[in-house]
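The values are calculated or read from the model by the stated rules, or taken from the named source; none is laboratory data. It should be emphasised that the depicted structure is a prediction, and the values quoted were computed from it without experimental measurement. A quick note on method: Cβ atoms are made from the backbone with ideal geometry, for glycine too, and the neighbour counts reach across all protein chains shown. Keep in mind that these areas ignore ligands, DNA and RNA; they rest on the heavy atoms of the full protein, side chains included. Shrake-Rupley method; radii C 1.70, N 1.55, O 1.52, S 1.80 Å.
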Amino acid sequence: MHAPAAPLGSSNGRNAPMIAGVEAGLEAEVMSHDHAGEIRVFVHLAHGFGARNWNEKYRNGQIIGINEPFAYGYHRAAEDGCQVTYSEDKLERKIERLFRLAVRYFLHFDFVHAWRNRKGICTADVVWTHTESQHLAILLLFWAMRPTRRPKLIAQSVWLIDRWPKFSRLHRWLFKKLVSRADMLTLHSPENLKVARSLFPGVRCELVLYGINAEGMAPPQFKRFCDPIRLMSVGNDEDRDWTTLIQAVRRLPCCELRIASQKVPPKLLAGAKNIAVVQPKSNNELLQLYEWADVLVLALRPNLHASGITVLEEAALRGVPVICSDVGGLRAYFPGDAVKYVRPQNAEAIRSAILEMAKDDESRWGVVKRAQARMGPGGINSQSYVKRHVELSRDLLFES
């Protein structure tokens, strides 16, 4: 895995302690802002994703999935002339946690966590967020504090557009007021992008394709399907369609399905002898599941936010062919020759795709190779994802 290219700061907004590397642990040093063209970037992530918290769990193997030493790989911006500081998580007493969660429940975003990181936020040149829970909180923070020098904000959204119709009128009014103050709204899916531009016509909206760490990618090993055919599915996203997936596979005695998820309703599994829910307790266990599988099946409900993209990318890196519902703008990442797309909410389409893929080893081999080609240098990976953030940041700063 990739180690940080440059130290990362804590969130105290001054000459702060820096995270100097994965192997070396946490080491203090002072970082200055003397370099020509260097951008001070503050990465504000959800509570629990703070630099120290995440890095310690990563080094202990407690973060399951193909990940980075620091969340989402934003530390890679140091390679492009940025000084990167991550938000930090306050060690909370029970009453403090209850208060923060109560405010989050009422507002639908975590304002208290942003308030605790306000010094780091306000002393940056540019602030990056990963979801609307962070950027809405920062926009409210700016509204309340009215700083004399406000950093630029790249407000990334994931679920905001999908959930928009479910919000109350009061929340929609508040969110529109706040988002209208963002310097830029970024989205992971062209489907999300279209709706965002209509909802927030006065805000610059940009597509940023999400990518994971692709440095461990190895050429897939050609193999024939096992008997029974080994199927896997992964994820806890709200738009996983477990009902359709289980309906499809329980009628295929020639298949064995293992689902790695905490969100599968137990009643769906009644009588499904060829389906099991597993709970990988370590990253190695998840990687072993990818190694075991002949194919990954990702059944999704219609959505706008590219649900499942992380799993699609993980499967490509591990050399596992994918059958996936054709929703969410996923074709912007992998075209139809790199993923076998099927109609959403259609169990028969999934069954047919599994049996079709099982018959043609060469075709399946080609699907995997094309998926991996999409994730090579300059393709869909965390390095390109972060470079896009740096480009957009320089664009915003140049404009001002």
| Which one of these does Tyr210 not meet: (1) under 22 Å from Gln383 (Cβ atoms); (2) open to solvent by 50 Å² or more (accessible area, probe 1.4 Å); (3) aromatic (Phe, Trp, Tyr)? | (2)
| Since Lys119 meets every condition but one in (1) crowded, with 19+ Cβ neighbours inside 10 Å; (2) of a type in the set (D, E, K, R); (3) within 27 Å of His75 (Cβ to Cβ), which condition does it not meet? | (1)
| remark: Screening Ala155, Ala182, Ala144, Ala124 for residues that are under 29 Å from Arg240 (Cβ atoms) and either of a type outside the set (Phe, Trp, Tyr) or in a helix (DSSP H, G or I) (or both) leaves only Ala155
| Looking at (1) under 16 Å from Ile323 (Cα atoms); (2) open to solvent by less than 40 Å² (accessible area, probe 1.4 Å); (3) at pLDDT 85 or above, which is the only condition Arg230 fails? | (2)
| Which one is modelled with the highest pLDDT among residues in the stretch 341-365 that are open to solvent by 30 Å² or more (accessible area, probe 1.4 Å), within 20 Å of Asp227 (Cβ to Cβ) and not hydrophobic (A, V, I, L, M, F, W, C)? | Ser352
| query | Which is under 17 Å from Val322 (Cβ atoms) and open to solvent by 30 Å² or more (accessible area, probe 1.4 Å), of Leu268, Leu245, Leu287, Leu257? | reply | Leu287
| note | Subset of the stretch 73-106, residues at positive phi and out of contact with any strand residue (DSSP E or B) (no Cβ under 8 Å at 6 or more places or on another chain), comes to Gly73
| message | If I filter the stretch 106-116 for residues that are without any contact (Cβ under 8 Å) to a residue 12 or more places away in the chain and aromatic (Phe, Trp, Tyr), do I get at least one hit? | response | yes
| task | For residues that are in contact with a helix residue (DSSP H, G or I) (Cβ under 7 Å, 6 or more places away or on another chain) and of a type in the set (A, V, I, L, M, F, W, C), scanning just the stretch 180-193, find the one that is nearest to Met145 (Cα to Cα). | result | Ala182
| message | Checking Ala196 against (1) modelled with pLDDT of 90 or more; (2) hydrophobic (A, V, I, L, M, F, W, C); (3) in contact with a helix residue (DSSP H, G or I) (Cβ under 6 Å, 6 or more places away or on another chain); (4) outside the structural domain of Tyr74 (by the TED database): exactly one of these is not met. Which one? | response | (4)
| query | Quick check, is Asp294 over 20 Å from the mean Cα position of the chain (by Cα) and crowded, with 21+ Cβ neighbours inside 10 Å? | reply | yes
| query | Between a first residue in the stretch 215-234 that is touching a residue at least 40 places away in the same chain (Cβ under 8 Å) and among the aromatic types (Phe, Trp, Tyr) and a second residue that is crowded, with 18+ Cβ neighbours inside 10 Å and part of a loop (DSSP other than H, G, I, E, B), which pairs have beta carbons less than 6 Å apart while being 6 or more apart in sequence or on different chains? | reply | Phe225/Asp294
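Residues are listed down the side, and each one gets a yes or a no for (1) in contact with a Pro (Cβ under 9 Å, 6 or more places away or on another chain); (2) among the polar types (S, T, N, Q); (3) closer than 23 Å to Val126 by Cα; (4) part of a helix (DSSP H, G or I):
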residue: Thr186; (1), (2), (3), (4): no, yes, yes, no
residue: Gly216; (1), (2), (3), (4): no, no, no, no
residue: Arg224; (1), (2), (3), (4): no, no, no, no
residue: Gln247; (1), (2), (3), (4): no, yes, no, yes
| message | So, in the stretch 36-64, exactly how many residues are aliphatic (A, V, I, L, M) and open to solvent by 20 Å² or more (accessible area, probe 1.4 Å)? | response | 4
